[in-house]
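Report on the structure given below.
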Amino acid sequence: MFPIMVLTSDKHMHALRGFSYLFNKYWGDDQGVDVFGFSEPDFGLPRNFVFRSIGDFADYPLEKWSDACLKAVDMMPDHFILFLEDYWLMRPVDKVMIDLLLQFAASNALPRLLKVDLCADRLYAKDMQDFGNVGWIDLVISHKDSPYHMSLMNGIWSKNLFKQVVVPGENPWEVELNGTPRARELQMNVIGTRQWPVRHTLALRSGDHKTYHIQELNPEDQHELRKLKLLDLS
């Protein structure tokens, strides 16, 4: 079992319907998932999903997004995999690769390892460099001056280092933009892979919580989401 957390809010909670369907299809319904939010969802979640309230939504406006995030992270183990509710899986994940990367992250083989990117975010980052391998997995390292070095795209995080670089009083975009120079000053490393074991799309974009973007999903998944009424925004 992998330590997986999903962050959501009352405004974006509806995206958990599509998220959970695609997660169980492409990761498996035998994997436990901790969902951290505010108000209890008014729809059912799969049995492998556990909802955990971290307070009242009114107490965490957008500019205190990082406060809520840190509260949730406190409940996770030393290394955890972070999703947001609009990271909708597109293909089967490579769980063997994820397990090896999680072991690498926990081994301290690379000091000050803040994050292991599981998608392709760091692979296409500015000034990316190759960084050896773990077994058959080709590693790349993100330059500390690279834009979005502190990207919140799906990955394995060090709890201790996450809490050093993320500060209260920031929205998610500020966490990424302001967190990048903080991570650089703290000499934190971020790596990714050439194989990228997780492929997901962003179902919600640019702060718009009323429009789903599913064009990157395969036609079968688009059809099933519509058929099952999982694109309901209410």
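Here are some notes:
- Efficiency of FRET between MET1 and ASN160 - r from beta-carbon atoms, R0 25 angstrom, step 0.05: 0.75
- Residue-by-residue Karplus 3J(HN,Hα) for region 24-39, coefficients 6.51, -1.76, 1.60, Hz, glycine and proline x: 5, 5, 9, 10, x, 7, 8, 9, x, 9, 9, 9, 10, x, 10, 6
- Normalised by the number of residues in the chain, the mean separation of alpha-carbon contacts (under 8 Å, six or more apart) gives a relative contact order of 24 percent.
- Calculated P(r) tail over 16 Å for region 1-66, as whole % of Cα pairs: 44
- Between the C-alpha center of region 182-228 and that of region 31-91 there is a gap of 16 Å.
- Extension gain for ASP42 to LEU231 (0.36 nm times residue separation, less C-alpha to C-alpha distance): 66.5 nm.
- Electrostatic tally near LEU118: other residues with Cβ closer than 15 Å to its Cβ, Lys and Arg +1, Asp and Glu -1, net +1.
- Close amide-amide hydrogen proximity is noted between LEU113 and ASN189, each under 5 Å apart and 5 or more residues distant or on a separate chain (H modeled in the peptide plane; Pro and chain starts excluded).
- MRE, 222 nm, helices only [DSSP H, n ≥ 4, -39500 (n - 2.57), over the chain, to nearest 500]: -8000 deg cm²/dmol
- Taking every lysine pair in the chain that is 8 or more places apart or spans two chains, those with Cα atoms closer than 24 Å amount to 26.
- Each of SER9, LEU204, ASN171 was placed along the dipole of the chain (beta-carbon charges, centred on the mean Cα), and the one lying farthest toward the positive end is LEU204.
- Convex hull per residue volume in Å³, alpha carbons only, for region 130-174: 106
- Scalar couplings 3J(HN,Hα) for region 123-131, obtained by applying the Karplus form with A = 6.51, B = -1.76, C = 1.60 to θ = phi - 60°, are 4, 9, 6, 5, 6, 4, 10, 5, 9 Hz; x denotes Gly and Pro.
The numbers here are math on the coordinates, done by the rules we state, and not lab data. Keep in mind that this is a model prediction, so the values were computed, not measured. Counting neighbours? That spans all protein chains shown, and the Cβs are built from the backbone with ideal geometry, glycine included.
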